[in-house]
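This report refers to the structure that appears directly beneath it.
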Amino acid sequence: MEDNINNIDVWGVIDTLSYSSKFDVNAGRADRVFFQHMQEGLQNGELDKIYEFIDAYERGRGLNADSNVRNLFKKAYTEDAFRLCKTLAQKNNIFEYWLYVSSNCDTDMIVAFTKMDVPYPKFYYECARSLIRNVNEDARCEEGIIVATKKIASMDLELWKRWIIKNESNTRWQKIVFIVLSQVSTEAIDTYLQNIHLDMDIQKGAQDVLGQAFSKLPEQSKKYILNNITDTIWDQWNQLIDNKKKKYETLNKLLFTTYSYLIEYCIQEKFEKEENWKETFLKQADMLEKDMYEWYAKQIHLESVFFLDITKIYYLLKAGQRSGFTDRSEELSKCVKMILMFVKRYEYFWKDCTIQKDDFVKELSYLISTVS
């Protein structure tokens, strides 16, 4: 076919393309399970089972592109790009999308497909998945992922939910997620909020990816996002800390997460008025004092509660600093001195995070120095 590619009816060939799945009788048990799940997924339309097989295959040998099919698709794309997009999308089959789109279409073709309008959200999903896996990370891939995920969010919230869950920790996604959120519906934003983990661990060398991404947004985009996430993030953050306290979840330092910067932004937005910020700060300090005089069966429980309370105070402190609050009262000064007293009393808790302690004390001391 390669020698006669210019003389054949590419559309007729593409329309008749099909695949067959065979399995080596000597395959291992794990491979057999993956293959069986893929068959069940194709039969029942279960994406998780289909992708379980695809992900395993990609982790292993990977799918080798067929040069004849690639040449066929390139010719079809040159003749009528939208027709090719529509023809492939109409297959409405994740496995075929993987075989033909992700493996036999180049980056420019896939990015172009994301900009074309077809009523098949799973097609956009596989296009975005292919682009985010592209080893040559570039602006073209980001552009395609943004366009594709916006369409997924507008067409199929369950598929959008799956995308969020599967890519939450992917730093490539973190770099562009806010661009997407600034251009989707409030329902899509709510789906995002319900499926992220505010305590997700910081990846090595990537702790400020989300913060940097958010700070680069135009002010109008920031405002739209904050208007739609602030109350929920604040409520989820408080619930998260409270749940950790109830379980005495082990913690021996301040709780910093992938979402730390976003949480700070939301707290700043939540307490735009200084009197509201101050009231909340005082209440949290009262909670620390109450908790520090409770009885605990184990010292490790006290340490956990201490750092969880201090974490909430620290985030409030940073948000107030970001807002430039300067009006201080004697009441606030006494509160700060009480917090500093507990920091000193339990100084040995900070043995693994002295830099955090020094920063925290510095910020608290600044409040005292500016009391009016």
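Within the bounds of region 261-274, is there any residue that is free of Cβ contacts under 8 Å to residues at least 40 places away in the same chain, acidic (Asp, Glu) and outside any helix (DSSP H, G or I)?
Quick first cut of region 261-274, residues free of Cβ contacts under 8 Å to residues at least 40 places away in the same chain only: 273.
Subsequent filtering for residues that are acidic (Asp, Glu) retains none.
Within region 261-274, none of the residues are free of Cβ contacts under 8 Å to residues at least 40 places away in the same chain, acidic (Asp, Glu) and outside any helix (DSSP H, G or I).
Identify, please: which residue in region 322-352 is outside any helix (DSSP H, G or I) and farther than 26 Å from Ile233 by Cα and is, among those, farthest from the chain's Cα centre (by Cα)? Full working, then the answer.
Keep residues of region 322-352 that are outside any helix (DSSP H, G or I), which gives 324-329, 346.
From what's left, farther than 26 Å from Ile233 by Cα: 327-329, 346.
Values: Asp327: 37, Arg328: 37, Ser329: 40, Tyr346: 35 Å.
Top of the filtered list is Ser329.
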Looking at region 132-158 only, could you name the residues that are at pLDDT 95 or above and among the small types (Gly, Ala, Ser)?
Gly144, Ala148, Ala153, Ser154
Can you name the helices (runs of 4 or more DSSP H) wholly within region 56-158 that have at least 1 residues being touching a residue at least 40 places away in the same chain (Cβ under 8 Å)?
67-79, 81-89, 121-132
Any residue in region 214-233 that is within 16 Å of Gln174 (Cα to Cα), part of a loop (DSSP other than H, G, I, E, B) and under 14 Å from the mean Cα position of the chain (by Cα)?
no
Exactly one of Asp199, Asp156 is acidic (Asp, Glu) and under 24 Å from Ser260 (Cα atoms), and that residue is Asp199
When you scan region 307-321, do you find a residue that is over 22 Å from Gln236 (Cβ atoms) and under 29 Å from the mean Cα position of the chain (by Cα), even just one?
yes
I'd like to check something: does region 244-260 contain any residue that is over 27 Å from Cys141 (Cα atoms), more than 13 Å from the chain's Cα centre (by Cα) and free of Cβ contacts under 8 Å to residues at least 12 places away in the same chain?
yes
Region 297-353: number of residues that are buried (at least 16 other Cβ atoms within 10 Å of the Cβ), of a type in the set (Asp, Glu) and under 21 Å from Asn276 (Cα atoms)
1
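In region 271-292, which residue that is acidic (Asp, Glu) and within 11 Å of Ser323 (Cβ to Cβ) is surrounded by the fewest Cβ atoms within 10 Å (Cβ to Cβ)? Even if it seems obvious, please write down each step before you answer.
So the first thing to find is which residues in region 271-292 are acidic (Asp, Glu), and the list is 272, 274-275, 279, 286, 289, 291.
Still in the running and within 11 Å of Ser323 (Cβ to Cβ): 272, 274.
Numbers: Glu272: 10, Glu274: 15.
Step by step, filter region 271-292, then rank; the result is Glu272.
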Within region 186-244, which residues are assigned by TED's automatic domain parsing to the domain that holds Thr149, among the hydroxyl-bearing types (Ser, Thr, Tyr) and loosely packed, with under 15 Cβ neighbours inside 10 Å?
Thr186
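The values are calculated or read from the model by the stated rules, or taken from the named source; none is laboratory data. Here the structure is a predicted model, which means the values were calculated and not measured. Cβ atoms come from the backbone with ideal geometry, glycine included; neighbour counts cover every protein chain shown.
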